[in-house]
Amino acid sequence: MVLIQLCLYGQAFAVPDTTVTAVAPNAMHKLAGAITYQTVSAVAPGNADARAFLGLHQYLEDAFPALHNQLQKKVVNKYSLLYTWPGKDHTLKPVLLSAHLDVVPVEEATKDEWQHQPFKGIVQDGYIWGRGAMDDKYRVVAMMEAVEQLVLEGYQPERTLYLAFGHDEETGGKSGAGEIAAYLQAQGVQLEAVFDEGLAVADKIVPGIAEPIAFIGTAAKGNLNLLLTVKGEGGHSSVPPKDSPIFTLSAAINRLHNHPFEPHMTPATRETVELLADKIGGKYRFVMRHYGLFKGRVLKKLTRDQATDALVRTQMAPTILEAGQKENVMPRLATAVLNVRILTGETQQTVLAHVLKTIDDERVQVEVSGLYTPPSPVTSTDTWTYKALAHAIGETFPEVTAVVPALFPGSTDSKHYSGLTDNIYRFAPQVVTRQSAKLVHNVNERLSVEVFGKCIVFYNHLIRSTCGSVANEVAIRQEKALQREE
Ligand SMILES: [Zn+2]
């Protein structure tokens, strides 16, 4: 298994029909234009948001005329989009590329820190600037640009391709991707594979590994929000009661901080560790190669780094705190939202049990708030679609020395498609460094023009290798068989 995946880039991957034309020079301006629509994610979009989404729909129609001429467009639940490019062979299961039209809001307090206004859509200094440049409008535009070029070349897919763009991924995706999935289900569609955002090409992110490695999210953590509430008597702050809700709630949060979930190795992360063993330098190579013998040490090493700690632990993060409105009034209520990212093997029940036991204070009410997403199943890497994805990565990012499956610590729209296929891959065609990773959902979000060009090339390769001629598919399957024999 290890060899099969790591040897992929040592040799030419003989898939015919994958010449990719150069990226159109105005593609970056198409992305910049898409950024100017303030499609801020909302559970129920208000009037201004609705106008932004509908404006973006029209903009995309104008920016990609060939695509709109060739593909069928369906607006789902008013703001989401589903494009269908019918394949010549209806017996083949379709492939779905998923991205999202919505973006997270720009915090009022940070507006002055932006070098260029977040919804201006500026191209400068080799970057496309603005909210959505890294999450996730660049993928929407890159996919559409790749299809636009293919249509203009006269390309026709064998296998049906869907482009699915939800409008509320950042708020759970239920009314966007959730409705798209329900529509496809009602049509009796079963998918060959879903390709969504997720992990990326990591450049010097994994401690001890200098070479760029492409990580494909073959599993995702679960997501649960807990609302912690403490009630008090209120009153004047000059004669404060002993147990103010703020003290009680703070103490509870502090206890949670000091008693994290125990780390443990899941089968998906164990596979990642074993595949990375050859890439890692220094004394840890031996330790990671013999994971079975040094389990404790490997786990300890992984928990030391923020990026890898998330792979071996259910994590709790307090994200919203509310209490008090006036300086001299004791609040009658203090609340906190605890966002919990759940590792494979845990459930809502086990998380609640840990939280309640740790807080151990009857004054703190704990309740589940909003939707619970359980940890995803693990997608097999022993599929031709995984191989096709690895091929597209290798063609686009020749500097990548290995493609490695891994747990994705976040949550994406892909969870809504789990009833339509077992093959869900979470990979964003970006090269991410520790520094650039911090720009997602942050001030000065921007994407380099060069990387954006690669995104378009990547989707061109991915579409050709998954929806292309049967000869392509056979080549991919045979390549796999050959590598198995080696
Ligand atoms: Zn996203």
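The values are calculated or read from the model by the stated rules, or taken from the named source; none is laboratory data. Predicted, not measured: the structure shown is a model, and the values here were computed from it. Positions of Cβ are generated from backbone atoms using ideal geometry, with glycine treated the same way; all protein chains shown enter the neighbour counts. Each accessible area value is taken on the protein alone, full model and side chains, heavy atoms only, with ligands, DNA and RNA left out. Shrake-Rupley method; radii C 1.70, N 1.55, O 1.52, S 1.80 Å.
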- request: Could you grab me the full set of residues in region 95-133 that are of a type in the set (S, T, Y), assigned to a strand (DSSP E or B) and more than 16 Å from the ligand (Cβ to nearest atom)?
  value: Y127
field: Subset of region 207-252 (residues that are open to solvent by less than 30 Å² (accessible area, probe 1.4 Å) and not in a strand (DSSP E or B))
entry: I209, P212, K221, G232, G234, S244, P245, T248, L249, A252
- prompt: Looking at T412, T421, T401, which is the one that is polar (S, T, N, Q) and either within 16 Å of the ligand (Cβ to nearest atom) or under 16 Å from G198 (Cα atoms) (or both)?
  reply: T412
- prompt: Applying the selection to region 134-154, what residues are within 14 Å of the ligand (Cβ to nearest atom) and either outside the structural domain of S436 (by TED's automatic domain parsing) or in a loop (DSSP other than H, G, I, E, B) (or both)?
  reply: M134, D135, D136
query: What are the residue pairs meeting all of these: first residue in region 70-99, first residue closer than 12 Å to H167 by Cβ, second residue among the hydroxyl-bearing types (S, T, Y) and open to solvent by less than 80 Å² (accessible area, probe 1.4 Å), Cβ atoms under 8 Å, and 6 or more apart or on different chains?
result: V76/Y183; N77/S175; S80/S175; L82/Y162; L82/Y183
message: in a helix (DSSP H, G or I) and over 30 Å from I246 (Cα atoms): is that true of V298 in this structure?
response: yes
message: Looking only at region 142-173, filter to residues that are in contact (Cβ under 8 Å) with a residue 40 or more places away in the chain and at positive phi; which one of those is surrounded by the most Cβ atoms within 10 Å (Cβ to Cβ)?
response: G173
- request: Might you check whether a residue that is assigned by TED's automatic domain parsing to the domain that holds R341, in a helix (DSSP H, G or I) and surrounded by 18 or more Cβ atoms within 10 Å (Cβ to Cβ) occurs anywhere in region 312-319?
  value: no
Unique residue being closer than 21 Å to E61 by Cβ, open to solvent by less than 50 Å² (accessible area, probe 1.4 Å), of a type outside the set (F, W, Y) and within 16 Å of the chain's Cα centre (by Cα) when the list is G121, G176: G176
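So, of the residues in region 287-302 that are over 26 Å from P375 (Cα atoms) and modelled with pLDDT of 75 or more, which turns out to be surrounded by the most Cβ atoms within 10 Å (Cβ to Cβ)?
Among those that are over 26 Å from P375 (Cα atoms) and modelled with pLDDT of 75 or more, it is F294.
Listed here are the residues, each with its yes/no results for (1) open to solvent by 30 Å² or more (accessible area, probe 1.4 Å); (2) touching a helix residue (DSSP H, G or I) at 6+ places or on another chain (Cβ under 8 Å); (3) away from the ligand (no atom under 16 Å from the Cβ).
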residue: Q365; (1), (2), (3): yes, no, yes
residue: P374; (1), (2), (3): yes, yes, yes
residue: S380; (1), (2), (3): yes, yes, yes
residue: T383; (1), (2), (3): no, no, yes
residue: A390; (1), (2), (3): no, yes, yes
residue: H416; (1), (2), (3): yes, yes, no
- prompt: Just for region 176-206: of the residues that are in a strand (DSSP E or B) and not β-branched (V, I, T), which one is farthest from the ligand (Cβ to nearest atom)?
  reply: A193
- prompt: Cβ-Cβ below 7 Å, separation at least six or inter-chain, first residue in region 346-362 and open to solvent by 40 Å² or more (accessible area, probe 1.4 Å), second in a loop (DSSP other than H, G, I, E, B): which pairs?
  reply: T347/P374; H354/F261
query: Just one of the numbered conditions (1) under 25 Å from the mean Cα position of the chain (by Cα); (2) not assigned by TED's automatic domain parsing to the domain that holds T466; (3) not in a strand (DSSP E or B) is not true of N339; which one?
result: (3)
